[in-house]
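> Below is a structure I'd like to ask you about.
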Ligand SMILES: C[S@@+](CC[C@H](N)C(=O)[O-])C[C@H]1O[C@@H](n2cnc3c(N)ncnc32)[C@H](O)[C@@H]1O
């Protein structure tokens, strides 16, 4: 088929395609000023004890939680291999890795089935869950999900660089993020990027000199899950807190957190990490994550004429647009 020819059954576009126009016109359905977000955070009355990490097994812990009590789950379980995160292949100084990362003492599939089974009961009807897995454990996680009433909405690939080097195989440089809901017809999803793809390119943070357990997720990954799938004041639940990255991001974004960690030695790091972040510290209205009118016009110069003619939806960023037009 020659370029430009139509596929059989392909509909003719009603309007001419203009690169960048959809981004310029894009608006976010739910957005809150910093004051509004703070008020929602201050007045929230969750069913679970807010802003709490309990040092116990998450399976026993989840079974004690009230039903329909959390708005969003972010779960990054242990890998199921003898992982201490101290190996020189990971470019880490062993004395900066906290002891006692707790691995599981049973078949990985059994452990996975047990904790995944607990999720649906504690999720509110419109709640979502993001479950993380490396490819070696993916089968167990997918099998466990099949045994629940949770619906797999997206299978996201997180592309990152882990710093390992291989000679006789490809370097593993991705992770799986399974996006699940209870009710596929009614779950909270605030599309805050115009073209939200299921491949996320997010580098791991390198924090030289900072003490942590060996498996910290990047804040940007958690912030993305929180921004798309929760409102200020919501309860973000993490059954495997690790370094408390989920809790730190929740607090910084005017959300409340609740979760478990088996390794009590992490308590000091949790207090330090959470103590150094004020509630709302990195909150900003979602439209501020979007490219500005100036950035879009720089990338797509043909948009300038349309902007000047007022042919676009100015609701997105009226102030920025006005100042741009006056230049
Ligand atoms: C992959 S790490 C989580 C890392 C975390 N997402 C972060 O960014 O720091 C998994 C954590 O689960 C903890 N863990 C293992 N089994 C557990 C269980 N049954 N209940 C609660 N925590 C557990 C481990 O000690 C470890 O800290």
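The values are calculated or read from the model by the stated rules, or taken from the named source; none is laboratory data. Keep in mind that this is a model prediction, so the values were computed, not measured. Methodologically, a virtual Cβ is constructed for each residue, glycine included, from the backbone with ideal geometry; neighbour enumeration extends over all protein chains shown.
> Filter region 240-254 down to the residues that are surrounded by 24 or more Cβ atoms within 10 Å (Cβ to Cβ), touching a strand residue (DSSP E or B) at 6+ places or on another chain (Cβ under 7 Å) and under 11 Å from residue 74 (Cβ atoms) and list them by number.
241, 246, 247, 250
> For the condition modelled with pLDDT of 95 or more, within 16 Å of the ligand (Cβ to nearest atom) and in a strand (DSSP E or B), what is the one hit in 132, 141, 152?
On the way: 141 fails: in a strand (DSSP E or B); 152 fails: within 16 Å of the ligand (Cβ to nearest atom).
Criteria check complete, one pass: 132.
> Failed condition for residue 249, given (1) modelled with pLDDT under 95; (2) within 13 Å of the ligand (Cβ to nearest atom), with all others met?
All conditions pass for residue 249, except number (1).
> Here's something else I'd like to know. Among the residues of region 73-84, which ones are more than 9 Å from the ligand (Cβ to nearest atom) and at pLDDT below 95? Break it down into steps so the answer makes sense when it comes.
Step one: filter region 73-84 for residues more than 9 Å from the ligand (Cβ to nearest atom), giving 73, 80-82, 84.
The answer is 80, 81, 82, 84.
> Just the residues that are closer than 30 Å to residue 270 by Cβ, out of contact with any strand residue (DSSP E or B) (no Cβ under 8 Å at 6 or more places or on another chain) and modelled with pLDDT of 95 or more, please, taken from region 177-215.
190, 192
> Quick check on residue 223: is it touching a residue at least 12 places away in the same chain (Cβ under 8 Å), in a helix (DSSP H, G or I) and in contact with a helix residue (DSSP H, G or I) (Cβ under 6 Å, 6 or more places away or on another chain)?
Details: touching a residue at least 12 places away in the same chain (Cβ under 8 Å): yes; in a helix (DSSP H, G or I): yes; in contact with a helix residue (DSSP H, G or I) (Cβ under 6 Å, 6 or more places away or on another chain): yes.
Taking the combined requirement at face value, the residue satisfies it.
> Here is a further query. Quick check: anything in region 111-123 modelled with pLDDT under 95 and surrounded by fewer than 18 Cβ atoms within 10 Å (Cβ to Cβ)?
There is no residue in region 111-123 that is modelled with pLDDT under 95 and surrounded by fewer than 18 Cβ atoms within 10 Å (Cβ to Cβ).
> Does region 221-246 hold any residues that are within 14 Å of residue 274 (Cβ to Cβ) and more than 9 Å from the ligand (Cβ to nearest atom), and which are they?
The one that is within 14 Å of residue 274 (Cβ to Cβ) and more than 9 Å from the ligand (Cβ to nearest atom): 236.
> Is there a residue in region 270-280 that is near the ligand (Cβ under 10 Å from one of its atoms) and either within 15 Å of residue 70 (Cα to Cα) or crowded, with 24+ Cβ neighbours inside 10 Å (or both)?
no
> Can you tell me which condition residue 190 does not meet? The list is (1) closer than 29 Å to residue 28 by Cβ; (2) part of a loop (DSSP other than H, G, I, E, B); (3) within 13 Å of the ligand (Cβ to nearest atom), and all the others hold.
Answer for residue 190: the failing condition is (3).
> Consider residue 217 carefully, then state whether it is surrounded by 21 or more Cβ atoms within 10 Å (Cβ to Cβ) and either assigned by TED's automatic domain parsing to the domain that holds residue 69 or within 12 Å of the ligand (Cβ to nearest atom) (or both). If you could, list the steps in order and put the result at the bottom.
Values: surrounded by 21 or more Cβ atoms within 10 Å (Cβ to Cβ): yes; either assigned by TED's automatic domain parsing to the domain that holds residue 69 or within 12 Å of the ligand (Cβ to nearest atom) (or both): yes.
Here the answer is yes, as residue 217 does meet what is asked.
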